[in-house]
Amino acid sequence: MKKLIIPLVLFAFFACNQTQNQKKMSVIYPKTKKVDTIDVYFGTEVADPYRWLEDDLSEETANWVKAENEVTFGYLNNISFKDKIKQRLEKIWNFEKVGSPTKHGDYYYFYKNDGLQNQYVLYRTKDLKQKEADIFLDPNKFSEDGTVSMAGTSFTKDGSLMAYLISEGGSDWRKIIIKNTETNEIIEDTLIDVKFSGVSWKGNDGFYYSSYDKPKEGSQLSGKTQYHKLFYHKLGTEQKKDVLIFGGEKQPRRYIGAYLTEDENYLVITASQGTSGNELYIKDLSQKNSKIVTLVDNFDNDSYVVDNDGYRLFIHTNINAPNNRLVEVDAYNPITKNWIDLIPETENVLSVSTAGGNFFAEYMVDVKSKVIQYDLFGKKIREVELPAIGSASGFDAKKTDKELYYSFTSFTYPNTIFKYEIETGKSELYWKPAIDFNPEDYVTEQIFYTSKDSTKIPMFIVYKKGLKMNGKNPTYLYAYGGFNISLTPSFSVSRIIWLENGGVYAQPNLRGGGEYGEMWHKAGTQMKKQNVFDDFIAAAEYLKDNKYTSTDYLAIAGGSNGGLLIGATMTQRPDIAKVAFPAVGVLDMLRYHTFTSGAGWTPDYGNSDESKEMFEYLFGYSPVHNVKEAEYPATLITTGDHDDRVVPAHSFKFAAELQSKHKGDNPILIRIETSTGHGAGTPTSKIIEQYADIWSFAFYNMGINPIYK
């Protein structure tokens, strides 16, 4: 299924050593001026004293960023063990990482990172059994510091041409470059100003892509993007001559995605106003001058064409099925009343992909993967035998392929690739990483705890075998809770250093996510968003009540929507944790929709302008507006100066409010990375630096001194 998503053991191991009399560094914050800015919402005046920090082009904002970074890095660089943590991270990160191969034309293509390369390199070979493969494209040569990254590829059906997208400084704005795969030469001008788009080839003549008009005034990184447009680009012509297929002012939609069925007979168009709910259209490209035909004409549900078999369309949908189902319909009469179940809805959330003329149905069973293979008529062939309990992905390949390559991971199971024979169901190991980590030393639990309204919430807890539950274990509680996104078990290299220090990693699956389908998602949106915060707070209390940790040893963390989660938790419960890490967070809930693509998030959040009731609800938990005089956890806010998804002004204003009103000795710092965005494409070197700072900050403020034996 193709979906546009807009809408994050030490051999000589560390020992936990509490330093009872460790002297804490004092922090003097830069002075942040306040301006007399007042907005009025339904008769209520709301002050916004740090509005000036929204101007990311001003010299004044640049000076503020510089001053804050000087304080932050001055603090972090004075933590005595930070360099050792960075060295350990570099050591454990330095292993070969390989992606699953895919075949295009005569070649198999795959990504590989030798260890500490800033960006993955694209290789190719005609025979996967050969030990050596050729470098086809090396993004590390795009820039000296690795901040220009590759952000997607698309091949023609015969594999002779490839389009690839690049991102500069982590921005969501992309460029498209086209290469001849035989000569390895760039064949025409670069397309620019592309955003939230894939590339879908029609033969070898051209392709479809989507973009917005760039904001005409102000910053290109923070200006609001409004109407998405679907274009067709014919090779050999200028971009300005590209044909508008759908969208723009005549069909105003915030997000438009497009892709072709594998036989290239149907163009599939999805259109939406937000990150959930989409219209669905098809265009029969086998017929000249065919019209765009409507399958779904509203934004109430999510539906996508998975594939086709001649005139039979296969559609993945949650219409009348909150946990999703697969239906089929005749392409000549595709209205929803004619849809027939092929793989019906069950109690578990379903996602579907195709390979070798078969369906592969992945079910999420209490946040763990179960995969069943079906034929094109919905007949069960077999359940795929997975190597362990965890997360499987990648069950997709061309109709003519005889095998596929899927990846499997879990919290203590590094990402591993398996070769699967589609006809026989035989699965064999293809690639396993050689990493300095022994899974047998660790335990993964899944427990179910009770939230404020008695809802049962699942949570994974990972720790070293033999750990004493005495309430003194450093614990990192990480969650998301939004946009129908599921946090499934996965391995993280950066997390090793926490676990081998006797740390606990806890990951609850909050409402607002997609772990239990659309009803679970809706239970954490708009006027029910408080459920998400309550679920998270209850997770923290469970960990304390059961002696995994205590307030003095708890760190809470989340990014993007998860950054909002941490901001709201901090302002509602300043006493909940010792350390807090709100990353690239949505923190101003009254103005988020005025920046970049933020208006598309209203299905999850609501809009402060739409009604008094919605304004009051958002105002009631908006982190920027609910900072009060209190003692807050030691806080390290993180953001990137090129983040044009969640603009850094959210983090700037939150940091200014906290520093102004915080009472106590805990530091309130903001770490502003340069030439990075929302997270995707961040160079390995910067990721390692970020985690060295994060783990050092946590250990230091918990009074724990990580020591090498």
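The values are calculated or read from the model by the stated rules, or taken from the named source; none is laboratory data. Note that this is a predicted model, so its numbers are computed, not measured. Note that we place each Cβ from the backbone using ideal geometry, even for glycine, and neighbour counts take in every protein chain shown.
Among what's in the range 235-265 and is within 24 Å of Leu161 (Cα to Cα) and more than 31 Å from the chain's Cα centre (by Cα), pick the residue that is surrounded by the fewest Cβ atoms within 10 Å (Cβ to Cβ).
That would be Lys240.
Can you name the residue in the range 140-166 that is more than 14 Å from Tyr120 (Cα to Cα) and polar (S, T, N, Q) and, of all such residues, is surrounded by the fewest Cβ atoms within 10 Å (Cβ to Cβ)?
If we take residues in the range 140-166 being more than 14 Å from Tyr120 (Cα to Cα) and polar (S, T, N, Q), then Ser160 is surrounded by the fewest Cβ atoms within 10 Å (Cβ to Cβ).
Kindly indicate whether Ile668 is at pLDDT 95 or above and touching a His at 6+ places or on another chain (Cβ under 7 Å). Step through it out loud before you land on a result.
Working: at pLDDT 95 or above: yes; touching a His at 6+ places or on another chain (Cβ under 7 Å): yes.
So Ile668 fits the description; yes.
Would you be able to say whether some residue in the range 573-592 is out of contact with any helix residue (DSSP H, G or I) (no Cβ under 7 Å at 6 or more places or on another chain) and on the phi > 0 side of the Ramachandran plot?
Among the residues of the range 573-592, not one is out of contact with any helix residue (DSSP H, G or I) (no Cβ under 7 Å at 6 or more places or on another chain) and on the phi > 0 side of the Ramachandran plot, which makes the answer no.
Specify which of the listed residues (Asp375, Asp330) is charged (D, E, K, R) and under 29 Å from Tyr406 (Cα atoms).
Answer to the selection: Asp375.
Yes or no: the range 460-478 includes at least one residue that is among the hydrophobic types (A, V, I, L, M, F, W, C) and crowded, with 23+ Cβ neighbours inside 10 Å.
Within the range 460-478, one or more residues are among the hydrophobic types (A, V, I, L, M, F, W, C) and crowded, with 23+ Cβ neighbours inside 10 Å.
Being touching a strand residue (DSSP E or B) at 6+ places or on another chain (Cβ under 8 Å) and either over 30 Å from Ser143 (Cβ atoms) or modelled with pLDDT of 95 or more (or both) is the filter here; which residues of the range 671-692 pass it?
Selection gives Arg671, Gln690.
Considering only residues that are surrounded by 21 or more Cβ atoms within 10 Å (Cβ to Cβ) and not small (Gly, Ala, Ser), which ones fall in the range 509-524?
Asn509, Leu510, Arg511, Glu515, Tyr516, Trp520, His521
Can you pull out the residues in the range 542-558 that are surrounded by fewer than 24 Cβ atoms within 10 Å (Cβ to Cβ) and touching a helix residue (DSSP H, G or I) at 6+ places or on another chain (Cβ under 9 Å)?
Residues satisfying the conditions are Lys544, Tyr548, Ser550, Thr551, Ala557.
Would you list the helices (runs of 4 or more DSSP H) that sit entirely within the range 513-617 and hold 1 or more residues that are in the same structural domain as Tyr449 (by TED's automatic domain parsing), among the aliphatic types (A, V, I, L, M) and farther than 15 Å from Phe483 by Cα?
530-545, 561-572
Is it the case that Phe595 is aromatic (Phe, Trp, Tyr), more than 27 Å from Thr475 (Cβ to Cβ) and modelled with pLDDT under 95?
Judged against the criteria, Phe595 is a match.
Can you find even one residue in the range 461-482 that is farther than 15 Å from Phe437 by Cα, touching a His at 6+ places or on another chain (Cβ under 9 Å) and outside any strand (DSSP E or B)?
yes
Condition check: in the same structural domain as Asn531 (by TED's automatic domain parsing), part of a helix (DSSP H, G or I) and more than 29 Å from Gly277 (Cβ to Cβ). Does Ala655 satisfy that? Break it down stepwise before answering.
Numbers: in the same structural domain as Asn531 (by TED's automatic domain parsing): yes; part of a helix (DSSP H, G or I): yes; more than 29 Å from Gly277 (Cβ to Cβ): yes.
For Ala655, the condition - in the same structural domain as Asn531 (by TED's automatic domain parsing), part of a helix (DSSP H, G or I) and more than 29 Å from Gly277 (Cβ to Cβ) - is met.
Please verify whether the range 625-645 includes one or more residues that are in the same structural domain as Gly703 (by TED's automatic domain parsing), surrounded by fewer than 24 Cβ atoms within 10 Å (Cβ to Cβ) and in a helix (DSSP H, G or I).
Within the range 625-645, one or more residues are in the same structural domain as Gly703 (by TED's automatic domain parsing), surrounded by fewer than 24 Cβ atoms within 10 Å (Cβ to Cβ) and in a helix (DSSP H, G or I).
For Glu610, indicate whether it is over 26 Å from the mean Cα position of the chain (by Cα) and crowded, with 20+ Cβ neighbours inside 10 Å.
no
Considering the range 283-298 alone, what residues qualify as being hydroxyl-bearing (Ser, Thr, Tyr) and under 15 Å from Ile335 (Cβ atoms)?
The one that is hydroxyl-bearing (Ser, Thr, Tyr) and under 15 Å from Ile335 (Cβ atoms): Thr294.
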